[in-house]
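Participant: This is the structure, below, for whatever I ask next.
The values are calculated or read from the model by the stated rules, or taken from the named source; none is laboratory data. Bear in mind that the values here come from a model prediction, so they are computed numbers and not experimental data. Positions of Cβ are generated from backbone atoms using ideal geometry, with glycine treated the same way; all protein chains shown enter the neighbour counts.
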Amino acid sequence: MVDNEILLEVKNLHVGYGAIKVIKGIDLYVKRGEVVTILGANGAGKTTTLRTISGLLKSTSGSIIFDKEDITTVYAYNIVSRGMSHSPEGRKVFGTLSTEENLFMGAYTLKTYDKDTLDWIYNILPRLKERRKQLAGTLSGGEQQMLAIGRAIMSKPKLLILDEPSLGLAPVLVRDIFKAIKEISINGVTVLIVEQNAKAALQLANRGYVLELGKITHEGISEELLNSTIIQEAYLGKKR
Amino acid sequence: MDIFLQQIVNGLTIGSLYALVALGYTMVYGVMKLINFAHGDLVALSAFAGLTIYTSIFSNGGTSIVAVITVFLFTAMIIAVVGVLLERFAYKPLRTAPRLSAVVSALGAGLVIQNAIMLIWGPNMKIFPSDLFPSTVYDINGVVITFTQFMILGLSSILMIALYLFINKTKMGTAVRAVAINQDAAQLMGINVNKIIMIIFIIGSALGAVAGLFIGIYYRGITFDMGWMYGLNAFVAAIIGGIGNIPGAMFGGLVLGLFNALISGYISSAWAETFTFTLLIVVLIFRPTGILGETVAEKV
Ligand SMILES: Nc1ncnc2c1ncn2[C@@H]1O[C@H](COP(=O)(O)OP(=O)(O)OP(=O)(O)O)[C@@H](O)[C@H]1O
Ligand SMILES: [Mg+2]
């Protein structure tokens, strides 16, 4: 399903907060249909990278090309309708809106929400259907994460960006979440995912990048990274 | 009993006006976490602008439904534009500045509007004509309702129901609530936060404008500094109801209006303000987030 057309390309990206430089010149690309993961320790700059790609932060230099268009200076709210959707770190569901209203907000850029997409989401994340009238703030952490993912695909994106979807979840739920992401990817959505759970992420992904202190130190196809001793020691918790 | 029912009617009338104004405070606070201290002065500006529009376009006088509708629509539009400009120039540049800067800017903007009113219309009280509404009086078992009161109660109810439906049942209204909860997440949905803030200022200012016109028509005497008094009462109403909460502002306005009217009827209107703040303190002691304030906490 992966074709050779590049959907997202980030070139020589630099990002900072005021005087603090966080991303120091990274290059990465995602092909249409791929699942790509970015691994890295806490504070490496993964979230910063994703927020810059989706337009919430502006880069100091470098460029971001999405679907053949330069979106480096486009505002976040204008990027969604171009086919990119970002489920942010910490879920950020709208707590005083119902589950269903959260999903409708996910489809904000569409004239009306797509019934088939909604049914599909309820199908792969059935808990959301049970909870559709409940306020999102009263959902469990796992349910909120499912909602954050469901909400992100309501806009029918070409590229889905996920920032630590398994953060703070019990192993059973992590499995459910990864199953759902796999399902989404099989249905033709390209996925860029940041994860602490490096093993699960590499098993899901076609390729991966390793980000350290704002620079990409390793990249390759998932099997290579899974078998690399450096990666195993740093991110997969294996001792030599 | 008659005086009680009569004060209920009077209280609901003034309470509706407080509620209309309180909605402006609460919506801006809900979305921007900012107290728009200039809001009361927009209400005053509306009364003066409305008076000028009425007397200059309809100088022949006489009640005409067309005249009244024109005055309301024109004035609401003008005040909405002023509200949007206020946001654009006094608040937008300070969005990322410390909270206090925006508060100082709000107080300053209020003074600017107040002084502009004084420069344009003079420091003395202006009197609204008495013929905008018919002087019909309805007597229901000894309780008197004037046509003006009837209009205030009716139009305020319609506007508040419309606002409630807009916020809770429409896509745009849901987006307003989403922006109030988390602006970053709202942007990731494709929501233009600036546009939502503009809509908030348009709606809040237009509702304040309707209240300002009714204040002129109902009380007739208007002064350049009256925005302060009405603004303060409406602000208290918003806090009593739970600032940031739309039904809360409506509820707080009505409660405060009723409370004021009963104090004025049974004790003395001189005590109204003292009791207003006593009520505020009592509410805040028992319900620090206001009567309908948020109880559902967002899980982090
Ligand atoms: N708003 C901010 N202002 C200043 N510095 C920030 C801000 N946000 C992040 N940083 C800094 O930028 C660096 C990268 O942060 P970022 O959140 O991108 O890391 P991350 O790789 O996502 O980490 P984690 O795995 O903990 O989520 C950190 O040193 C962080 O302290
Ligand atoms: Mg992060």
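Participant: Given the residues A:THR60, A:THR48, which is the only one that is within 16 Å of ligand 1 (Cβ to nearest atom) and surrounded by fewer than 16 Cβ atoms within 10 Å (Cβ to Cβ)?
Facilitator: Result of the check over A:THR60, A:THR48: A:THR60.
Participant: Sort out for me the strands (runs of 3 or more DSSP E) sitting completely within the range A:60-170 that have 3 or more residues that are within 16 Å of ligand 2 (Cβ to nearest atom).
Facilitator: A:159-163
Participant: Quick check: is even one residue across the range B:71-85 of a type outside the set (D, E, K, R), part of a helix (DSSP H, G or I) and over 20 Å from the mean Cα position of the chain (by Cα)?
Facilitator: no
Participant: Still on this structure: What's the total number of residues in the range A:4-55 that are within 14 Å of chain B (Cβ to nearest Cβ) and either under 14 Å from the mean Cα position of the chain (by Cα) or not in a loop (DSSP other than H, G, I, E, B) (or both)?
Facilitator: 9
Participant: Follow-up. Look at the range A:139-165 and say how many of its residues are in contact (Cβ under 8 Å) with a residue 12 or more places away in the chain, within 11 Å of another protein chain (Cβ to nearest Cβ) and out of contact with any helix residue (DSSP H, G or I) (no Cβ under 7 Å at 6 or more places or on another chain).
Facilitator: Number satisfying all stated conditions: 3.
Participant: Out of A:ILE193, A:ILE149, which single residue is modelled with pLDDT of 95 or more and within 16 Å of ligand 1 (Cβ to nearest atom)?
Facilitator: Selected residue: A:ILE193, the only one of A:ILE193, A:ILE149 that is modelled with pLDDT of 95 or more and within 16 Å of ligand 1 (Cβ to nearest atom).
Participant: Which condition number in (1) within 14 Å of chain B (Cβ to nearest Cβ); (2) out of contact with any strand residue (DSSP E or B) (no Cβ under 8 Å at 6 or more places or on another chain) is the one that A:LEU236 fails?
Facilitator: (1)
Participant: Run down B:ASN36, B:ASN124 and say which single residue is buried (at least 19 other Cβ atoms within 10 Å of the Cβ) and in a loop (DSSP other than H, G, I, E, B).
Facilitator: B:ASN36
Participant: So the check is Cβ under 9 Å with 6+ separation or different chains; which pairs have a first residue in the range A:80-102 that's farther than 18 Å from A:THR47 by Cα and a second one that's part of a helix (DSSP H, G or I) and within 16 Å of ligand 1 (Cβ to nearest atom)?
Facilitator: So the pair list comes out as A:PHE94/B:ALA185; A:ASN102/A:ALA148.
Participant: Out of the residues in the range B:138-181 that are among the polar types (S, T, N, Q) and surrounded by 17 or more Cβ atoms within 10 Å (Cβ to Cβ), which is farthest from the other protein chains (Cβ to nearest Cβ)?
Facilitator: Out of the qualifying residues, it is B:THR146.
Participant: Further question on the same structure: Which ones in the range A:93-110 are more than 7 Å from chain B (Cβ to nearest Cβ) and in contact with a Ser or Thr (Cβ under 7 Å, 6 or more places away or on another chain)?
Facilitator: Answer for the range A:93-110, where residues must be more than 7 Å from chain B (Cβ to nearest Cβ) and in contact with a Ser or Thr (Cβ under 7 Å, 6 or more places away or on another chain): A:ALA107, A:LEU110.
Participant: Which residues, taken from the range B:1-29, are crowded, with 24+ Cβ neighbours inside 10 Å and either under 13 Å from B:PHE201 (Cα atoms) or among the aliphatic types (A, V, I, L, M) (or both)?
Facilitator: Those that are crowded, with 24+ Cβ neighbours inside 10 Å and either under 13 Å from B:PHE201 (Cα atoms) or among the aliphatic types (A, V, I, L, M) (or both): B:ILE14, B:LEU17, B:ALA19, B:LEU20, B:VAL21, B:ALA22, B:LEU23, B:GLY24, B:TYR25, B:THR26, B:MET27, B:VAL28.
Participant: Moving to a separate point now. Is it the case, given these coordinates, that A:SER81 is surrounded by fewer than 23 Cβ atoms within 10 Å (Cβ to Cβ), more than 14 Å from chain B (Cβ to nearest Cβ) and hydroxyl-bearing (Ser, Thr, Tyr)?
Facilitator: When the stated conditions are applied, A:SER81 does not pass them.
Participant: Let me ask you something else. Name the one entry in A:ALA170, A:ALA200 that is at negative phi and away from ligand 1 (no atom under 16 Å from the Cβ).
Facilitator: Testing whether each residue is at negative phi and away from ligand 1 (no atom under 16 Å from the Cβ) leaves just A:ALA170.
Participant: Tally the residues that are within 16 Å of ligand 1 (Cβ to nearest atom) and among the hydrophobic types (A, V, I, L, M, F, W, C), restricting the search to the range A:203-230.
Facilitator: 4
Participant: For residues that are buried (at least 17 other Cβ atoms within 10 Å of the Cβ), within 10 Å of another protein chain (Cβ to nearest Cβ) and out of contact with any His (no Cβ under 9 Å at 6 or more places or on another chain), tally how many sit in the range A:63-78.
Facilitator: The total comes to 1.
Participant: A:LEU50 fails exactly one of the following numbered conditions: (1) in contact (Cβ under 8 Å) with a residue 60 or more places away in the chain; (2) away from ligand 2 (no atom under 16 Å from the Cβ). What is the number of that condition?
Facilitator: Evaluating A:LEU50 over (1) in contact (Cβ under 8 Å) with a residue 60 or more places away in the chain; (2) away from ligand 2 (no atom under 16 Å from the Cβ) leaves (2) as the failure.
Participant: Further question: List, please: which pairs have Cβ atoms under 9 Å, are six or more places apart or on different chains, and start with a residue in the range A:191-211 that is touching a residue at least 12 places away in the same chain (Cβ under 8 Å) and more than 19 Å from A:LYS31 (Cα to Cα) and end with one that is crowded, with 21+ Cβ neighbours inside 10 Å and among the aromatic types (Phe, Trp, Tyr)?
Facilitator: Pairs found: A:GLN196/A:TYR235; A:ALA198/A:TYR235; A:LYS199/A:TYR235.
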